[in-house]
Each structure stands twice: as structure tokens, then as C-alpha cells.
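The values are calculated or read from the model by the stated rules, or taken from the named source; none is laboratory data. Given the structure is predicted, the values throughout are model-derived calculations rather than measurements. When we count neighbours, we look across all protein chains shown, and the Cβ atoms used for this are built from the backbone with ideal geometry, even at glycine.
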Amino acid sequence: MDLDDIYKEFLYDLEIKNYSPRTIKGYKNNNKAFITYLKNEFKIEEVEEVSTKQIKAYLMYLKNKGLKELYINTVQKCMRSFFRFMVDEGYIAEKRNPMLSVKFMREPKVIIKTFDDLEIKRMINVYNNTNYLEMRNKLIIMFLVDLGIRNLELCSLTHLDVMETVIKIHGKGNKERHLYISPLLKKYIIKYERIKIQYFKDKAMIESNYFLSRNGKALTVGAVENVVKEAGKKAKVRPIIRCSPHTVRHYYAQKQLRLGLDVYSLSRLLGHESTIITTRYLQSLNDENIVELSKSTSPLSNL
């Protein structure tokens, strides 16, 4: 059967499953690039002609282009989903799935340096509460620090999601979770909402999102990245730190662990499917941090 025809059907299936536009884009682009490679390198257009050897050749092609193992494994996940779809739809037999013999590449351990407490304080204080944009940017940093949410999760928040004591987060795979609003965060939420109402009193709010642009449109992921980057620059964060929402998420995870939260609970708060993913955020904790944590957890002292 023609690969292009199956590919089109696969994309419709992703929409039926209600995958996010960003996820669909990844599956679309990565599998399209793979199909194009098969045509150009091996003159293959039918699924029955695809073998494990050609899949491995494509992955090595990506590696030779200088792409990192983490990125290549992400591409492979998209390809696996594509072939899984073919099996489920009966286009190929389970035992004829060429992806079954392909292993993920070993990823090197990446130690991500994150902010210290003083840098986070300075980043929050970069923005004041004198006008809507300043107050919005300040609260964005505070949301990322106190909730540990993903950039896209923050951009997707609506007014209905921000309740009295909890915030409803729409996570990956359309999974919802609820996060507690701390008293300090609540204080600034009240300030922000008051300023926001005043700012948009005579303007049109085009979207119902909680955080809006100056023109009343939903914030993009890129806009939030710029807010964090600008805060890091003005707060004189160390050059070795990448000032991004994801790095703030790392800070949140490590700070929660230092404060005594267990890894399982942290995993739930972060919206991870398993604690295996969560432990990646904790690899940069040094031995000194671990020793400090163990002071309050001595089995002998707690008999």
C-alpha cells in the first residue's frame, strides 16, 4: 500500500484522537521527512518495501547531520507511532513491523544548571505592578516558579482554569491536573486581575486566555520565552544558565525536592507519566544537596 496514502490517514487519526496541534505538527513533519528520504534514497513508495535496514539508515543519516541523540529518539517515537498505526489498521502484520528491531539511541546524561534562589527573586522583581504588561510579566514568572508548569500549559490557561484555591492545568495528552494556589501567588493574582480589568475596560479581549498580549490576543510560547529571557538578562543571571521557562521548571523540581517533597508526588505535580521522567530533572542535584536532605530522614533518628 502507498505510504503517502497511509500517511494522510494517519494524520486524520491523530486529529480524531484529539492530539494537540503542536504534537500533530511533530508527527506530521518527522514522518513526512522519513517518507521523503525513503523515496529519494531507496525509491520506496510502498509500505511493504520498508525494512529495518532502511529505518536504521535514516536514523544514522540524521546522526551524521549532527543531530543529537535526544532529538533522533524523538523522531523515532513519531515513526514508531506511524508504524503502530499501520499494524492497528491491518496494513502490515505485527511480526512484519520493521520498527520492532530498532532500538533507541543511548542518550548522554545532560546536567542542566538552573537558577539559585537569589536569581529567581531578582527575576520576579525585574517587573513591577505599575501597569498591565509589567504586572502580567511578573505573574508569569511567579506562575512558572510556584507551579512548575510547562510553557504551553501556561499559554493555554483560561479564566475558568484559575479558581479560588486551585488552578486546573491542561497537560500533555489532554490530561488534567490541579495545582494549589499559595497565599503569596493568590495575592498577586488578585492584583493582576484588577489591573487587567482596568486595562481592557475600553479594549477588546479577543481571547479568553488568562494571560493576554497588549492587543488582547493569547500569548504564544515564544512570547513567554522572551519574558523569561528578558527577566534573566535584567536580573544578571549567570551566563551558564539558559534563561527559559523549562529551566524555571527544573528550578521548581529541585526546590520541591530540597523542601522535602517525595519524587512520586513531584512527578504528579509536574504532570509526568512516570517517575523515570521526573528523575531527569534531578540529576544536577549535587552530593551536598543530597546530604542536606538526608539530615531529616535518618532512619536511626526517626525510630
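Check segment 131-146 and report whether any residue there is free of Cβ contacts under 8 Å to residues at least 60 places away in the same chain and more than 20 Å from the chain's Cα centre (by Cα). Yes, there is a match, as at least one residue in segment 131-146 is free of Cβ contacts under 8 Å to residues at least 60 places away in the same chain and more than 20 Å from the chain's Cα centre (by Cα). Close Cβ contacts (under 8 Å, 6 or more residues apart or on different chains) running from residues in segment 259-279 that are at positive phi to residues that are assigned to a helix (DSSP H, G or I) and surrounded by fewer than 16 Cβ atoms within 10 Å (Cβ to Cβ) comprise 260/293; 260/296; 271/172. Which of the residues spanning segment 189-226 are of a type in the set (Phe, Trp, Tyr) and under 22 Å from the mean Cα position of the chain (by Cα)? 210, 211 - these are the residues of segment 189-226 that are of a type in the set (Phe, Trp, Tyr) and under 22 Å from the mean Cα position of the chain (by Cα). Quick one: would you say residue 230 is among the acidic types (Asp, Glu), closer than 15 Å to residue 124 by Cα and touching a residue at least 12 places away in the same chain (Cβ under 8 Å)? So residue 230 fits the description; yes.
Condition check: assigned to a helix (DSSP H, G or I), in contact with a Leu (Cβ under 9 Å, 6 or more places away or on another chain), outside the structural domain of residue 21 (by TED's automatic domain parsing) and at pLDDT 75 or above. Does residue 268 satisfy that? Here the answer is no, as residue 268 does not meet what is asked.
Here's the yes/no breakdown for (1) under 25 Å from residue 114 (Cα atoms); (2) surrounded by 15 or more Cβ atoms within 10 Å (Cβ to Cβ); (3) acidic (Asp, Glu):
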| residue | (1), (2), (3) |
| --- | --- |
| 162 | no, yes, no |
| 190 | no, no, no |
| 204 | no, no, no |
| 216 | no, no, no |
| 243 | yes, yes, no |
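When each of 197, 189 is tested for being within 19 Å of residue 143 (Cβ to Cβ), at pLDDT below 95 and part of a helix (DSSP H, G or I), the lone residue that passes is 197. Of all residues in segment 12-61, those being farther than 24 Å from residue 106 by Cα and not hydrophobic (A, V, I, L, M, F, W, C) number 21.
Within segment 218-248, the residues that satisfy the criterion of being part of a loop (DSSP other than H, G, I, E, B) and either within 21 Å of residue 128 (Cβ to Cβ) or not hydrophobic (A, V, I, L, M, F, W, C) (or both) are 219, 220, 235, 236, 237, 238, 239, 242, 243, 244. When the residues of segment 165-186 are filtered to those that are basic (Lys, Arg) and assigned to a strand (DSSP E or B), the one that is surrounded by the fewest Cβ atoms within 10 Å (Cβ to Cβ) is 168.
Just so you know, in segment 274-293 the residues that are at pLDDT 70 or above and surrounded by fewer than 12 Cβ atoms within 10 Å (Cβ to Cβ) include one that is farthest from residue 179 (Cα to Cα), and it is 276.
Answer with yes or no whether residue 84 is more than 31 Å from the chain's Cα centre (by Cα) and either among the basic types (Lys, Arg) or over 25 Å from residue 1 (Cα atoms) (or both). Steps first, answer last, please.
On the way: more than 31 Å from the chain's Cα centre (by Cα): no; either among the basic types (Lys, Arg) or over 25 Å from residue 1 (Cα atoms) (or both): yes.
Judged against the criteria, residue 84 is not a match.
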